[in-house]
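Since the structure comes first, as structure tokens, the remarks are kept for the end.
The values are calculated or read from the model by the stated rules, or taken from the named source; none is laboratory data. These numbers were taken from a predicted model, which means no experiment stands behind them. Ideal geometry is used to build each Cβ from the backbone, glycine not excepted, and the neighbour counts take in all protein chains shown.
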Number of protein chains: 2
Amino acid sequence: MAKREKPRALWPTEAAVSDVVGRLMEFWGFKRNMGRVWTVLYLSPQPLSAEDLRHALQLSSGAVSMTLSELSRWGVVRRVWIQGERKDFYTAEVQLWRMISRVFNEREKSEVTSAIEAFEDALRKLEAIGRTSPDPATRARAQLQGERIEQLLELARLGRRLLDALVSTGKVDVEPLARFLLGQQRS
Amino acid sequence: MAKREKPRALWPTEAAVSDVVGRLMEFWGFKRNMGRVWTVLYLSPQPLSAEDLRHALQLSSGAVSMTLSELSRWGVVRRVWIQGERKDFYTAEVQLWRMISRVFNEREKSEVTSAIEAFEDALRKLEAIGRTSPDPATRARAQLQGERIEQLLELARLGRRLLDALVSTGKVDVEPLARFLLGQQRS
DNA sequence: CGTCGCGTTCAAAATGATTTGAACGGTTGT
DNA sequence: ACAACCGTTCAAATCATTTTGAACGCGACG
């Protein structure tokens, strides 16, 4: 039986930071606990077990299990083997940018892409109306809506390009992006 | 009594588009109805009354009122006077980029900024521990956490720079940003 | 004035999301 | 084979958000 430290309460800074990250992630569309669990792992020198996390964050066993498996699905947490331990242990992905670009790529991009498709679809239908409707008022309205939707579509495409740029920049490292942004700045 | 068209059901494309935008906005942290209401206004040739919206989207009077006032607070919808009408009418802000950069600037930025402050705060506390704790293990741990939090801080600052870049680019027009992104691309 | 139409507010209801904890199934060690 | 231990699952419970609709206040009109 290896000697491991007992589940210990979080330091105040750990609690504070994981809370902040939890909030950010929640704001960002994930569950708050995902952020908190990830942060505790990220700040821990050693891998932690589900039980450690349960104590650190006062969660039920089910919650920990579900949160960890969700985090694993996003690839931001890894399961590690610890010699002579029965339990599973976990570590956080420490390559922050890799995490983020994966999320951008999988989550945001599909969101934006499906919006783009819907806009294109609507445009096609409106064009059909513009060509076939007998009523001039109807045609005019279709025309106007087409123009507006075109704008939305352009914006969505811009968004997608931005995501692509971020992700492809980030694939390697955050540096180039940072340099670009610095160059962008007024002073 | 001016002649105005009766509240009319949405065209299928209008319904579809407002739904998509509603989803995007929800995903994005707003209420779905905000997106839907905005879209209906955006696609309408004339300003619409609260009642029109109520019919178009099947909302209660209260919901329409609250949604419109929230949208007004974000400056994405404007109230307009229509000659000889008792009711209030509304139009959508059509400068898409202006809307978005306002949201970035007010909402995201404050989120990121407060995270940055919290990280800085945590760092200060950890440094104090690193200087004063008698226990070497504690000092080592504080050291490590400091490094990790430093990373988070750097990332948050990068995010803020990105937001600044977007917003300042967008203040004028979307064009420059678009050009930059195109230039960025691999081919 | 009194009434009507309209917009707003807010408590209550509905809906939606998250969390719990007990039950289950698999594994290890005896 | 059994007991102890762990992780997972999922229905039920809790908690948070959103929506409703009735009550109110204001201004316009007769």
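For the stretch B:68-99, which residues satisfy the criterion of being assigned to a loop (DSSP other than H, G, I, E, B) and among the aromatic types (Phe, Trp, Tyr)?
Listed by number, the residues that qualify are B:Trp74, B:Trp81.
A:Trp38: of a type in the set (Phe, Trp, Tyr) and buried (at least 17 other Cβ atoms within 10 Å of the Cβ), yes or no?
It is true that A:Trp38 is of a type in the set (Phe, Trp, Tyr) and buried (at least 17 other Cβ atoms within 10 Å of the Cβ).
Looking only at the stretch A:61-98, which residues are crowded, with 18+ Cβ neighbours inside 10 Å and within 14 Å of DNA strand D (Cβ to nearest atom)?
A:Val64, A:Thr67, A:Leu68, A:Leu71, A:Val77, A:Phe89, A:Tyr90
Looking at the stretch A:28-64, which of its residues are in a helix (DSSP H, G or I) and closer than 17 Å to B:Ile149 by Cα?
A:Gly35, A:Arg36, A:Val37, A:Trp38, A:Thr39, A:Val40, A:Leu41, A:Tyr42, A:Leu43
When the residues of the stretch B:73-99 are narrowed to those that are closer than 16 Å to B:Arg36 by Cβ and more than 14 Å from every other protein chain (Cβ to nearest Cβ), which ends up nearest to DNA strand C (Cβ to nearest atom)?
Selected residue: B:Tyr90.
Out of the residues in the stretch A:106-122 meeting the condition of being farther than 15 Å from A:Leu158 by Cβ and touching a Gly at 6+ places or on another chain (Cβ under 9 Å), tell me which one is surrounded by the most Cβ atoms within 10 Å (Cβ to Cβ).
A:Ala122
Within the stretch B:141-171, can you find the residues that are small (Gly, Ala, Ser) and modelled with pLDDT of 95 or more?
If the condition is that a residue be small (Gly, Ala, Ser) and modelled with pLDDT of 95 or more, then B:Ala142, B:Gly146 are the ones that fit.
Of the conditions (1) under 28 Å from B:Gln143 (Cβ atoms); (2) of a type in the set (S, T, N, Q); (3) within 11 Å of DNA strand D (Cβ to nearest atom), A:Gln58 satisfies every one except a single condition; which number is it?
Just one mismatch for A:Gln58, condition (3).
Since B:Asp88 meets every condition but one in (1) under 20 Å from the mean Cα position of the chain (by Cα); (2) modelled with pLDDT under 95, which condition does it not meet?
(1)
Based on this model, can you work out whether B:Val20 counts as more than 26 Å from A:Glu26 (Cβ to Cβ), away from DNA strand D (no atom under 11 Å from the Cβ) and crowded, with 19+ Cβ neighbours inside 10 Å?
no
Please go through (1) outside any helix (DSSP H, G or I); (2) away from chain A (no Cβ under 12 Å) for B:Arg102 and return the number of the only condition it doesn't satisfy.
Condition not satisfied by B:Arg102: (1).
Which of the numbered conditions does A:Phe27 fail, given that it passes all the others? Conditions: (1) closer than 26 Å to A:Glu106 by Cα; (2) touching a residue at least 12 places away in the same chain (Cβ under 8 Å).
Exception for A:Phe27: condition (2).
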